[in-house]
Amino acid sequence: MTQFNYQSHFEECIEGVKREGRYRTFANLERIAGRFPKAMYRPDDGGEAREVTIWCSNDYLGMGQHPVVIKAAHEALDNSGAGAGGTRNISGTTRYHVELEDSLADLHHKEAALIFSSGYVANEGALGVMGKVLPECVIFSDELNHASMIHGMKDSKAEKKIFRHNDLEHLEELLKSVDAKRPKIIAFESVYSMEGDMAPIKEICDLAEKYNALTYLDEVHGVGLYGPRGGGVAEERGLLDRIDVIEGTFGKAYGCMGGFITGPSAIVDCVRSFASGFIFTTSLPPAVLAAARAAVEHLKVSDIERERMRRNVKLFKDMLEAADLPFMRGESHIVPLIVGEPNCCREVSTILMNEHNIYVQPINFPTVPKGTERLRLTATAAHSQEDVKHMANTLQHLWATHHALIKAVA
C-alpha cells in the first residue's frame, strides 16, 4: 500500500501558487530610526545591503519613530520590563492597559474600550461574540470587508447577508428582507485599504436607525488620520455618536501594534467576557502599550502630521493624474495603482527595488480579485516632497518605457 507523501503534497501546493504568479516573498528590511521612510534592504541572495525608500508602509504618519512614542516605550520598558506576564485575566492587566483603554474611550466619546493583540483579533473577537450572543442575529456585511471581519462573522454562526460595496440600495433591500424583530448588525469599514475609497457612513447610519440595526465600523485605516483628534472618518464627519462599536488598530497611523474596540460598556464587557482571542492570549507588553498611548494622545492635539500627509497625498495624486497613470481615484490617503496581472505586478515591484531602490510590495490574489493586481502606494507624512516627486516621475517613466511589460488597465 502506497503511503501518502506529505512532503510532495505541500510542495505541489506551493508550486501551484508560484505558477499562478502569486507566490509571496518578504523583503528583509531594517527601518532606520529617525529616518523613516528610509530602510536598509538585505537581498536574499546575500548581496550587499543598501538603502531603499518604503512606499507601501501603513505607518502613515511616521509615529513609529516619533520621539514622544519612543520615549514612552523606553520608560515603560525600564519601569516594568519586557513582558506583561500573562493573559489579561491572569496577572497581565497593567496600568498601561487601563490608561490606554481610558484614552481610547475618550477618543471616540464611548463608555468603554478594550485592547486586543491585533486589529485582526479585535474584529474576529468582537463580531464573533456580538453575532453569537444576539438571538437570531443577522449581520449585513459589505462585500469588501476585511478577512478579519469575515472570520468573526463565520465564528458567530449568525446569518450573514452581503451587500454590494457601498451600495445603499442593495443594503436596504437586504434589510427589508429580514423580520423587523430580529437583531441586526451592519458591519463595514470607513476606509477600504485596497480601493482607497470610503464608506457612506451617514447614510448607513440612517438605514441602521430605520431598521433598528447596530452599526459596527472598522476604522483601522482611519484612526489617527482623520478627524480633529484622530478619531477617524466618523469623527471627521461628526458621526461618532451614531456608531455603536468602533474598531481600530495601533499598527497603522499610531505606528505601534495591537487593536481595540470602543462602544457601550455592556457590549464591550460582553466581548471581554466571551471572546476567546482576548481571553486566552497573553496581553501586550508595557512598552508597546505606553508607546501606543503616547501616539494616541499626541495625535489628539497635533495636526502637524496629518497636514503633512494630506499635502503629500495631494501632490502625489495630482502628479499621477497629470501623467494619466491608472490609479483608483478614491478620496482617502491610499493610492492603488492597477497593473492587472500578477507576474507583471511582481516584475514592476522588482524593477522599482532593483533599479530605483524603491520598495513596494505587489498586491495579488487572494487579497484582491484576479485581474486587479496592484501596487498599493502610500505617501506618508514622513516622505519629503522630493520623495513624492521622485516616485511619481519614476512611475511615469516606468509606464512609458515598459509598456509592453506592464499590462495596465485604466
**Prompt:** If the Cβ limit is 9 Å and pairs must be 6+ apart or interchain, which residue in the range 1-24 that is under 27 Å from ARG374 (Cα atoms) pairs with which residue that is open to solvent by 100 Å² or more (accessible area, probe 1.4 Å) and at pLDDT below 90?
**Reply:** VAL17/ARG24; GLU20/LYS370; ARG22/LYS370
**Asked** List pairs: first in the range 99-110 and over 15 Å from ILE243 (Cα atoms) and at pLDDT 95 or above, second open to solvent by 20 Å² or more (accessible area, probe 1.4 Å) and assigned to a helix (DSSP H, G or I), Cβ under 8 Å, 6+ apart or cross-chain?
**Response** GLU99/ARG293; LEU100/ARG293; SER103/ARG293; SER103/GLU297
**So LEU299, is it assigned to a loop (DSSP other than H, G, I, E, B), open to solvent by less than 10 Å² (accessible area, probe 1.4 Å), in contact (Cβ under 8 Å) with a residue 24 or more places away in the chain and out of contact with any Ser or Thr (no Cβ under 7 Å at 6 or more places or on another chain)** = no
**Prompt:** For the range 76-89, does any single residue satisfy the condition of being in a helix (DSSP H, G or I), crowded, with 18+ Cβ neighbours inside 10 Å and at negative phi?
**Reply:** yes
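This table checks each residue for (1) more than 29 Å from ALA147 (Cα to Cα); (2) at pLDDT below 95.
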residue: ARG308; (1), (2): yes, no
residue: VAL313; (1), (2): no, no
residue: ASP318; (1), (2): yes, no
residue: SER332; (1), (2): no, no
residue: PRO336; (1), (2): no, no
residue: ILE363; (1), (2): no, yes
residue: ALA400; (1), (2): yes, yes
residue: HIS403; (1), (2): yes, yes
**Request:** Output yes when any residue across the range 262-285 is under 17 Å from ALA122 (Cβ atoms), open to solvent by less than 50 Å² (accessible area, probe 1.4 Å), among the charged types (D, E, K, R) and out of contact with any helix residue (DSSP H, G or I) (no Cβ under 7 Å at 6 or more places or on another chain), and no when none is.
**Result:** no
**Request:** Any residue in the range 156-183 that's at pLDDT 95 or above and of a type in the set (Val, Ile, Thr): show its pairings with residues that are buried (at least 18 other Cβ atoms within 10 Å of the Cβ) and not in a loop (DSSP other than H, G, I, E, B) at Cβ separation under 6 Å, as long as the two are six or more apart or on different chains.
**Result:** ILE162/SER141; VAL178/VAL138
**Complete:** Checked the range 137-153 for anything closer than 11 Å to ILE185 by Cα and either open to solvent by 10 Å² or more (accessible area, probe 1.4 Å) or among the hydroxyl-bearing types (Ser, Thr, Tyr) (or both); matches are SER141
**Prompt:** Inside the range 104-127, can you point out the residues that are of a type in the set (Gly, Ala, Ser) and crowded, with 24+ Cβ neighbours inside 10 Å?
**Reply:** GLY119, ALA122, GLY125, ALA126
**Prompt:** Within the range 192-248, can you find the residues that are assigned to a strand (DSSP E or B) and either modelled with pLDDT under 95 or within 26 Å of LEU61 (Cα to Cα) (or both)?
**Reply:** TYR192, ASP197, MET198, TYR216, LEU217, ASP218, VAL245, ILE246, GLU247, GLY248
**Asked** Restricted to the range 207-248, and to residues that are more than 20 Å from ASN145 (Cα to Cα) and of a type in the set (Asp, Glu), which residue is surrounded by the most Cβ atoms within 10 Å (Cβ to Cβ)?
**Response** GLU235
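The values are calculated or read from the model by the stated rules, or taken from the named source; none is laboratory data. Just so we're clear, the structure is a prediction, and the values are computed from it rather than from any experiment. Note: ideal-geometry Cβ built from the backbone for every residue, glycine included; neighbour counts use all protein chains shown. Quick note on the areas: whole protein, heavy atoms, side chains included, nothing else; ligands and nucleic acids left out. Shrake-Rupley method; radii C 1.70, N 1.55, O 1.52, S 1.80 Å.
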